[in-house]
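Taking it in order: structure first as structure tokens, then the write-up.
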Amino acid sequence: MPFASLGLDADIVRAVTEHGYTEPTTIQRAAIPAVLAGRDVLAGAQTGTGKTAGFVLPILQRLGATLRGTDPRAKRRVRVLVLTPTRELAAQVEESVRTYGKYTPVKSTVIFGGVGMQPQVDRLAQSLDIIVATPGRLLDHVGQRTLDLSTIETLVLDEADRLLDMGVIHDVKRILRLLPAKRQNLLISATFADEIKSLADSLLHDPAEIEVARRNAPAEIVDQRIFLVRKEAKRHLLARLIKQGNWFQVLVFPRTKHGAHRLAEQLSKGGIAALAIPG
């Protein structure tokens with residue numbers, strides 16, 4: 001099934017194709033038509049399943065259709081808000097917006113903490129259609145009256161389970177109270193834990209429910225294996241696997257801080273560069 005069959009415009013399909021994708025993933029096939037139809041969506045999808053494009057592509061499509069024929073010089077107000085738990089994810093999502101929207105008139109920016117406010121203030125003063133943000137910094141801008149959320153038409157909570165885990169859900173609820181009551185809501189989560197279900201019940205109206213992976217199941221792209229070996233042979237097996245597999249990026253989780261230091265030292269003596277990072 002090509003992307004064009006999902007109802008996406010040629011300009012968006014062109015950008016997706018240039019990025020190396022020709023066929024939509026499972027979540028994209030389910031989510032794109034639902035978002036295009038204006039429905040609320042509750043999607044359970046792991047990282048690596050194409051979930052970001054699953055909501056970015058139809059949002060670009062809907063915005064592009066609205067902006068077509070309008071005066072490009074007229075100042076526009078933000079209509080889409082994407083909330084993410086971390087600055088890294090915010091930057092990644094906004095980069096996807098720019099990548100897939102390169103042939104559309106849609107304008108976006110990213111807002112997160114740990115950097116100066118003024119460049120963000122300057123950007124917010126310009127025409128924008130999409131804002132990708134972390135909750136804390138977004139509230140900072142709202143408090144300084146550099147951002148008005150009253151024109152938001154679509155809200156996306158990306159990796160909602162991590163928003164809960166990181167304790168910023170209180171900031172999210174403050175933001176929800178600042179948004180128009182009538183809007184489209186998209187909730188994306190790696191798991192459908194009870195807390196996510198509760199949040200979805202309070203936020204979503206007759207949502208399209210999409211669950212790509214089994215409840216709390218590991219991502220399909222992860223290859224899992226178990227090796228049953230004697231305790232004294234574990235580090236030797238680890239070293240052999242690293243060398244035979246020619247692995248350059250490996251995370252190892254020992255049981256104790258002392259075990260982490262000892263294993264790193266043993267690997268280093270065996271010619272494998274290793275570093276212990278204990279708590």
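The values are calculated or read from the model by the stated rules, or taken from the named source; none is laboratory data. Note that this is a predicted model, so its numbers are computed, not measured. For neighbour counting, all protein chains shown are included, and Cβ atoms are generated from backbone atoms with ideal geometry for every residue, glycine included. The area values use the complete protein model at the heavy-atom level, side chains included, leaving out ligands, DNA and RNA. Shrake-Rupley method; radii C 1.70, N 1.55, O 1.52, S 1.80 Å.
Considering segment 230-268, and only residues there that are polar (S, T, N, Q) and exposed (fewer than 14 other Cβ atoms within 10 Å of the Cβ), the residue that is farthest from G279 (Cα to Cα) turns out to be Q244.
With A133, A125 as the choices, which residue is hydrophobic (A, V, I, L, M, F, W, C) and out of contact with any strand residue (DSSP E or B) (no Cβ under 8 Å at 6 or more places or on another chain)? Walk me through it before giving the result.
Details: A133 fails: out of contact with any strand residue (DSSP E or B) (no Cβ under 8 Å at 6 or more places or on another chain).
Selected residue: A125, the only one of A133, A125 that is hydrophobic (A, V, I, L, M, F, W, C) and out of contact with any strand residue (DSSP E or B) (no Cβ under 8 Å at 6 or more places or on another chain).
Among residues belonging to segment 211-229 that are among the β-branched types (V, I, T) and at pLDDT below 90, point out the one that is least open to solvent (accessible area, probe 1.4 Å). So, considering only residues that are among the β-branched types (V, I, T) and at pLDDT below 90, the one least open to solvent (accessible area, probe 1.4 Å) is V212. Restricted to segment 244-279, and to residues there that are over 18 Å from V229 (Cα atoms) and among the basic types (K, R), the residue that is nearest to the chain's Cα centre (by Cα) is K257.
Just give me the residues in segment 107-163 being under 18 Å from the mean Cα position of the chain (by Cα), over 25 Å from S202 (Cα atoms) and β-branched (V, I, T), in sequence order. Result: T109, V110, I111.
Does any residue of segment 219-240 turn out to be assigned to a loop (DSSP other than H, G, I, E, B), touching a residue at least 60 places away in the same chain (Cβ under 8 Å) and among the hydrophobic types (A, V, I, L, M, F, W, C)? Yes, some residue in segment 219-240 is assigned to a loop (DSSP other than H, G, I, E, B), touching a residue at least 60 places away in the same chain (Cβ under 8 Å) and among the hydrophobic types (A, V, I, L, M, F, W, C).
Reported count of residues in segment 177-190, each being over 20 Å from R62 (Cα atoms) and among the charged types (D, E, K, R), is 1. The residues of segment 94-108 that are touching a helix residue (DSSP H, G or I) at 6+ places or on another chain (Cβ under 6 Å), more than 15 Å from L124 (Cβ to Cβ) and either open to solvent by less than 50 Å² (accessible area, probe 1.4 Å) or basic (K, R) (or both), listed by number, are S96, V97, Y100, G101, K102, T104, V106. Looking only at residues of segment 191-201 that are in contact (Cβ under 8 Å) with a residue 60 or more places away in the chain and either assigned to a helix (DSSP H, G or I) or open to solvent by less than 30 Å² (accessible area, probe 1.4 Å) (or both), we find that the one that is nearest to I59 (Cα to Cα) is A200.
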